[in-house]
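Enquirer: Pasting a structure here, questions to come.
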Amino acid sequence: MTRLTRTLVLAAVAALAAAPAASAHIQVSPAEAAPGDAVKVTLLVPNEEGKPTTRIELKIPSGVLPFSYEDTPGWTRKVVAASNGEIDRIVWTGSLPAEAFVEFSFLAAMPEKPGDVSWKALQVYGSEIVRWIGPPGSEQPAAVTKVAEGVPPQNAGGENAEGGGSTETTPTETTAPAAETTSAAPAASSSGGGDDNDWVALVVGMAGFILGFVALLVVLTRKRETT
C-alpha cells in the first residue's frame, strides 16, 4: 500500500512538472481583431528547451498585410516576399536562452472578412525544429486571432495605416522632395539677385571711372590754358 501511494505521488509530481513545459507554446496577440483593422501584432516566444532558440519563422496568413516592424534587441529580422510580391513570412535570427522568452511586434492590417487567422510558426533550436502549426488543442498548436464584427478597432499606426500603410507611406515619400524643392527655390532666387546686383555695381563703377577721367581732362585743359 505504501509502495502504491509513493508511486502515485511520484507520478503526480512528474505530471505537474511536465505541465508548464507542455503549455509553453508560441502565442500571438491580439486574440480578437476587427475586420480590415490595423493592429499591433505581438509574437510571444518562450524557450521550453534546455538549449537556446536561434531562429523564429512566422508564416503570414492570407489577407494579413504587415507594414511596419519593431526592432528587437539582439535579433535580426528578414522579411521574405512571395512570388506575387506579398509578404510570405518573417524570419527572426538571434539567441534566446533557456527559461527565457522574447517578443516580436509589427503592425498589420487584418483581413476584410471575418474568420480565424492562424499564425503558423517554426521555432529552431540549433538542428531541432518545433513546428507550431497544429489546430487548437493539439500538442503544438498554431496561435489564432479571431477576426469578428463588433471588436473595437485598434487603428494602430493612425487612420491611414489601414490597407498595409500605403496611404501613410506615400505622403511621407512625396513630402520630402517637395520640401527640398521649396528650400532650393529661395537659394536659386537669391543667387540670381546677386548676379543682378553685381552687374549694376559694375556699370556704376565704370560710369564713375569715366566721369572722373573726363573731369581730370577738363582740369588739365584749364591748367594749360592758364599757363
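Enquirer: Set Lys and Arg Cβ to +1 and Asp and Glu Cβ to -1, take the dipole of region 49-167 about its Cα centre, and tell me which of Ala108, Val64, Ala121 lies farthest positive.
Expert: It is Ala121, whose Cα lies furthest towards the positive end.
Enquirer: Give the ranking of Ser83, Ser105 by solvent-accessible surface, highest area first, calculated with a 1.4 Å probe.
Expert: Ranked list, largest accessible area first: Ser83, Ser105.
Enquirer: On to the next question. So what is the relative contact order of region 69-147, in percent, for Cα pairs below 8 Å that sit 6 or more residues apart?
Expert: Once divided by the residue count of region 69-147, the mean separation gives 22 percent.
Enquirer: Show the residues, 5+ positions off or on another chain, whose built amide H is closer than 5 Å to the amide H of Ala143.
Expert: Trp119
Enquirer: Note down the nm distance, to one decimal, between modelled labels 7 Å out along Cα→Cβ at Glu112 and at Trp75.
Expert: Each label point lies 7 Å from its Cα, and together they span 3.2 nm.
Enquirer: Over region 104-151, give the accessible area per residue in Å² for a 1.4 Å probe, as an integer.
Expert: I get 49 Å² per residue for region 104-151.
Enquirer: Multiply the residue separation of Glu128 and Lys146 by 0.36 nm, subtract the distance between their alpha-carbon atoms, and state the gained length in nm to one decimal.
Expert: Between Glu128 and Lys146, full extension yields an extra 3.5 nm.
Enquirer: Might you report the magnitude of the Cβ-based charge dipole of region 82-162 about its Cα centre, with Lys and Arg at +1 and Asp and Glu at -1, to the nearest 20 debye?
Expert: Charge dipole of region 82-162: 180 debye, to the nearest 20.
The values are calculated or read from the model by the stated rules, or taken from the named source; none is laboratory data. Please read all numbers here as calculations on a predicted model, not as lab measurements. Ideal geometry is used to build each Cβ from the backbone, glycine not excepted, and the neighbour counts take in all protein chains shown. Only protein heavy atoms, including side chains, enter the accessible area calculation; ligands, DNA and RNA are left aside. Shrake-Rupley method; radii C 1.70, N 1.55, O 1.52, S 1.80 Å.
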